[in-house]
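See structure below.
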Amino acid sequence: MIPIARRLLAWGVALSLLLPLVLVLVLALGGLLTGVGDQVGGGICLRTALGIGVVWAAAVVTTAVAGGLLTLEAGSSGPTSGPADRDRGKG
């Protein structure tokens, strides 16, 4: 399960960082097309931007869930006492 969560986390971070840039470019293209009178092209760009926004929101949620899974897994498999707890018994 951990390799899948790490892969999801990597893809989620990559998509969370790149999709807003693509979203801005598609919205700008839609505005440009609408400005020059191409209503159909502008509408297609706006619908495409809506789809990209949904994928971006899903990527953010996936990143949060995968990060939480990895954090929980790392906390349950490691030692429960830190270095300070081990040194207390020596004195």
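The values are calculated or read from the model by the stated rules, or taken from the named source; none is laboratory data. Note that the coordinates shown come from a computational prediction; the quantities given were computed from them, not determined experimentally. Backbone-built Cβ (ideal geometry, glycine too); neighbour counts: all protein chains shown.
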Looking for something in contact with a Ser or Thr (Cβ under 9 Å, 6 or more places away or on another chain), modelled with pLDDT of 95 or more, part of a helix (DSSP H, G or I) and surrounded by 15 or more Cβ atoms within 10 Å (Cβ to Cβ) - is there at least one such residue anywhere in the stretch 63-77? no
Of the residues in the stretch 17-30 that are touching a residue at least 24 places away in the same chain (Cβ under 8 Å) and either crowded, with 18+ Cβ neighbours inside 10 Å or of a type in the set (F, W, Y) (or both), the one that is nearest to V61 (Cα to Cα) is L19
